[in-house]
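Presented below is the structure to which this report refers.
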Amino acid sequence: MTIDSHCHLSAQDYDLPLNEIIQSAVENGVGKILGVACEAKDWAELLDLIQKEKVVYGAIGLHPEYADYDFQKDLDKLENLFSQNPKLVAVGEMGLDYHEAPQTIENQKQLFQKQLEIAHKLNKPVMIHTRDAEEDTIEILKEAHQKGWLKNSGVVHCFTGSLKLAKSALDVGLYISASGVITFKKADELRDIFAQIPLDRLLVETDAPWLAPTPYRGKKNQPAYVQKTLEKLAEIKRISAEQMEKITDENFNRLYFKGDK
């Protein structure tokens, strides 16, 4: 089975009902889906879905794009939700995004650090988003690692950064996830970076409904398409798709289930 390690499952994002989106993924060999809700208003929908759908697990957090408010109340709520929902397996996505929200840099840093601390308290992995903010991301992750806040590891999702960022993430014990971007025609530099990442630190994802891989570019992405990213990653690493599926499944289960599932 293939695992989609990061997608967004809000009904408003798709043209079909979510149960049909999930069923299509299962029919295309997807055995687990990690749904992500990164605004407080979306948490309840995901929590309901992970109760209804056996193959869907959840990650909740506060995305840096939405750091322009007093978020402490939502952070307190976030902590409580984990104790009530065993299928929540990660905190995030969290991080820094200076492209979408350059006006809230200081708030973003504070929100990022607070969620790293919460994940540490909850004994959960973290799910990292970073865009146009590599140096600050590296610095905050190094500080978190030194404090022991990354003891449960985590992942830099939808990785499109530099080799320096990849190495820094690996140095603090994180995994790196490939999205459909690695299938894009002009992504040679990114493919070269993934060629250098150890096999035991790789995950695959869709980040649906965005970034549909080739040959689905231009369409709305969905978990059923994750196999195309896995096949491209296998090609980059010069192994079979079957080997890559086994490796990324094992990596996912090690990260989120301590290897138990």
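The values are calculated or read from the model by the stated rules, or taken from the named source; none is laboratory data. All of these numbers come straight from a predicted model, not from anything done at the bench. Virtual Cβ from ideal backbone geometry, glycine too; neighbours counted across all protein chains shown. For accessibility, only protein heavy atoms count, side chains too; no ligands or nucleic acids. Shrake-Rupley method; radii C 1.70, N 1.55, O 1.52, S 1.80 Å.
Of the whole protein surface, M1 contributes about 90 Å² of accessible area at a 1.4 Å probe radius. Between Q12 and K219, the simple label model (points 7 Å from Cα in the Cβ direction) yields a spacing of 2.5 nm. Given in Å, the Rg to one decimal and the Dmax to the nearest whole number for the Cα atoms of the chain are 16.9, 48.
Computed from Cα atoms alone, the Kirkwood hydrodynamic radius reported for region 140-238 is 13.9 Å.
How large is the helix-only mean residue ellipticity at 222 nm for the chain, computed as the sum of -39500 (n - 2.57) over DSSP H runs with n ≥ 4, divided by its residue count, in deg cm²/dmol to the nearest 500?
On the way: 9 runs with 113 residues, N = 261.
The helix-only estimate for the chain comes to -13500 deg cm²/dmol at 222 nm.
Ordered from largest to smallest accessible area (heavy atoms of protein chains, 1.4 Å probe), the residues F184, F252 come out as F184, F252. Given R0 = 35 Å, the distance between the Cβ atoms of E106 and K186 translates into a calculated FRET efficiency of 0.55.
Spacing of the modelled spin labels on S24 and M1, each 7 Å from Cα toward Cβ, amounts to 2.0 nm.
Quick one: dipole size for region 161-261, taken about the Cα centre, charges +1 on Lys/Arg Cβ and -1 on Asp/Glu Cβ, in debye to the nearest 20. Write down the numbers at each step before the final one.
On the way: 17 positive and 14 negative charges, 58 e Å.
Roughly 280 debye for region 161-261.
Whenever you get a sec, line up H120, H99 from highest to lowest accessible area (probe 1.4 Å, protein heavy atoms). Intermediate values should be presented prior to the final figure.
Values: H120 50, H99 90 Å².
Ranking H120, H99 by accessible area, largest first, yields H99, H120.
In the context of the full set of protein chains, the chain has a per residue accessible area of 44 Å² (1.4 Å probe).
What FRET efficiency comes out for the pair L81/L170, r = Cβ-Cβ distance, R0 = 30 Å, nearest 0.05? Show your work: numbers first, answer last.
Working: r = 30 Å, r/R0 = 1.01.
The computed FRET efficiency comes out at 0.50.
In straight-distance terms, cross-link reach from K246 covers every one of the aspartates and glutamates whose alpha-carbon lies under 15 Å from its own, apart from those fewer than eight places away in the same chain; here that gives D4, D200, E205, E231, E235, D260. Go through K114/K258; K77/K147; K167/K220; K167/K232 and tell me which ones have a Cα-Cα distance over 29 Å in this structure. Too far apart for the 29 Å limit: K167/K220.
Panel values: region 34-118, Kirkwood radius from alpha carbon pairs, Stokes-Einstein at 20 °C and 1.002 mPa s, translational diffusion coefficient 165 µm²/s.
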